[in-house]
1. What number goes with the only condition from (1) open to solvent by 50 Å² or more (accessible area, probe 1.4 Å); (2) closer than 27 Å to GLY80 by Cβ; (3) at pLDDT 95 or above that SER160 does not pass?
2. Can you give me the number of residues within segment 66-106 that are in a strand (DSSP E or B) and either small (Gly, Ala, Ser) or open to solvent by 10 Å² or more (accessible area, probe 1.4 Å) (or both)?
3. Out of the residues in segment 354-383 meeting the condition of being under 20 Å from ILE338 (Cβ atoms) and in contact with a Ser or Thr (Cβ under 6 Å, 6 or more places away or on another chain), tell me which one is modelled with the lowest pLDDT.
4. If a residue counts only when it is more than 21 Å from the chain's Cα centre (by Cα), which strands (runs of 3 or more DSSP E) contained entirely in segment 319-432 have at least 2 such residues?
5. In this structure, does ASP277 turn out to be charged (D, E, K, R) and without any contact (Cβ under 8 Å) to a residue 40 or more places away in the chain?
6. Give the residues of segment 369-381 that are open to solvent by less than 50 Å² (accessible area, probe 1.4 Å) and within 23 Å of ASP31 (Cβ to Cβ), sorted by residue number.
7. Which one of GLY342, GLY302 is open to solvent by less than 40 Å² (accessible area, probe 1.4 Å), over 26 Å from LEU169 (Cβ atoms) and touching a residue at least 12 places away in the same chain (Cβ under 8 Å)?
8. Can you find, within segment 118-150, the residue that is surrounded by the most Cβ atoms within 10 Å (Cβ to Cβ) among those that are among the small types (Gly, Ala, Ser) and in contact with a strand residue (DSSP E or B) (Cβ under 9 Å, 6 or more places away or on another chain)?
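The values are calculated or read from the model by the stated rules, or taken from the named source; none is laboratory data. Quick caveat, the model's predicted, so the values are computed rather than measured. So basically every Cβ, Gly included, is an ideal-geometry build from the backbone, and we count neighbours across all protein chains shown. We work out accessible area using only protein heavy atoms, side chains counted, and drop any ligands, DNA or RNA first. Shrake-Rupley method; radii C 1.70, N 1.55, O 1.52, S 1.80 Å.
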Amino acid sequence: MTVHDTEETAQKSPASDLVMGDRVAGRIYTDPDVFDEEITKIFESTWIWVAHESELPKPGSFKSTHVGLQPVIVTKNRKGQLNTLLNRCRHRGASICEQKTGVANGFTCPYHAWSYSLDGQLRGIPYPEGYEGVIEKGELSLKKLRTESYGGLIFATFSSDIESLEDFLGDAKLWIDRFMKQGGGYPIKVLGTHRFRFNGNWKIQLENTTDGYHFPIVHRSWMASVDAETADMMSFMTNPEAVTHDLGNGHSVMQMVPEHSDLDADDGTEPLQARFDGLVAELSAAGLDEPAIRKIVRAMHGTGFNLNLFPNVSMSAAFFRVLEPTAVDATTIEHLAIGPDGPAEIVDPVNRTRLRVHEHFQGPFGFGTPDDAEGWDRVQRGAQGAPDMPILVNRGGAREKPSVEGWPTSHVTDETGMRAAYAQWKEMMSNG
């Protein structure tokens with residue numbers, strides 16, 4: 001290292017200094033050293049969403065994913081217990097599972113056939129004679145992450161000493177409970193997933209979920225493609241009741257359609273959209289009464305809010321959006337379409353319709369996601385210029401006030417949710 005390098009390193013301020021309340025340095029998106037620090041201090045140190053329980057429907061079910069950059073497998077063992085295992089053989093480090101999802105009795109490394117149970121125990125070693133007196137199988141289980149769930153959402157962490165998941169979720173639990181009501185009286189299940197990558201930093205997408213300011217601008221083509229009732233429902237820019245709350249711990253919720261925040265709160269006066277008349281007829285033919293039909297159809301667009309859970313998952317109206325940071329300028333997004341799980345004659349027509357609604361906005365050929373991704377790409381490209389020039393997240397700061405619950409709150413177009421996430425980011429990046 002040269003004298004110049006030493007001086008430059010000594011002068012470089014901590015990454016946590018890049019967040020300055022209502023503005024952040026553009027370098028927060030572009031500096032690979034900052035990204036490496038985030039992986040350690042955030043993604044390997046807090047609760048990370050890894051699956052929905054419906055993705056592990058029976059013993060032996062598994063899903064492979066990542067916690068930060070580290071590959072993991074989420075499993076359900078024969079007793080129905082959930083485990084999150086590092087996807088790395090204890091022998092020579094090969095991945096032991098390359099399938100995204102499936103059902104298995106256990107996992108066998110393809111390199112030397114070391115085999116493991118669904119909860120990570122080393123079960124067998126071929127030609128064991130060479131290991132006599134060298135290893136103890138009980139000491140070579142797969143590395144296991146701490147795993148907890150709430151409301152069907154499964155989280156894992158490498159940290160053994162942080163707060164419980166329920167404490168971490170805090171006031172966001174109320175909104176998770178509300179989100180799960182969109183099954184119309186039935187539990188929620190994942191209907192399908194699609195993944196894509198955008199050429200930008202993960203925080204750009206994190207900001208987007210509670211950014212009501214961009215909606216009528218970026219999504220004009222979607223607004224023009226839907227019926228007048230849907231367009232009117234999503235015209236929240238001037239609605240004073242449409243707000244965003246800072247829920248603590250980096251979590252936030254953006255209420256775009258406040259009257260749909262709690263789907264159980266229905267006075268019966270809101271007409272059902274005509275576009276769902278065919279579905280109403282199918283459900284009636286299946287034997288559902290009018291209140292049950294109304295409960296399901298009012299939830300066809302999901303809830304009236306987007307819930308952001310720091311740092312990697314959002315419950316966005318009618319689907320889950322999961323982000324995986326892969327590089328300082330690359331992020332993988334997984335969208336999970338959801339719907340009710342119940343008798344086929346009832347849920348099949350409902351979920352068929354929900355998938356069409358999902359595809360229309362969030363699908364790879366939809367009107368919403370491609371426009372969002374173009375915006376995210378442009379932020380990353382633009383942030384390369386003057387990397388220490390601040391990114392502004394100050395909209396609505398002067399009109400932010402506590403709600404009756406005590407949550408910092410401002411209008412739905414304001415940047416309350418971003419400030420919440422960056423406050424948590426700054427706190428975690430200041431550790432160590």
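1. SER160 satisfies all of (1) open to solvent by 50 Å² or more (accessible area, probe 1.4 Å); (2) closer than 27 Å to GLY80 by Cβ; (3) at pLDDT 95 or above except (3).
2. So the count comes out to 10.
3. That would be PHE367.
4. Passing ranges, in order: 390-392, 408-411.
5. Yes: the conditions hold for ASP277.
6. Those that are open to solvent by less than 50 Å² (accessible area, probe 1.4 Å) and within 23 Å of ASP31 (Cβ to Cβ): ALA373, GLY375, TRP376, ASP377, GLN380.
7. So the residue among GLY342, GLY302 that is open to solvent by less than 40 Å² (accessible area, probe 1.4 Å), over 26 Å from LEU169 (Cβ atoms) and touching a residue at least 12 places away in the same chain (Cβ under 8 Å) is GLY342.
8. This residue is GLY120.
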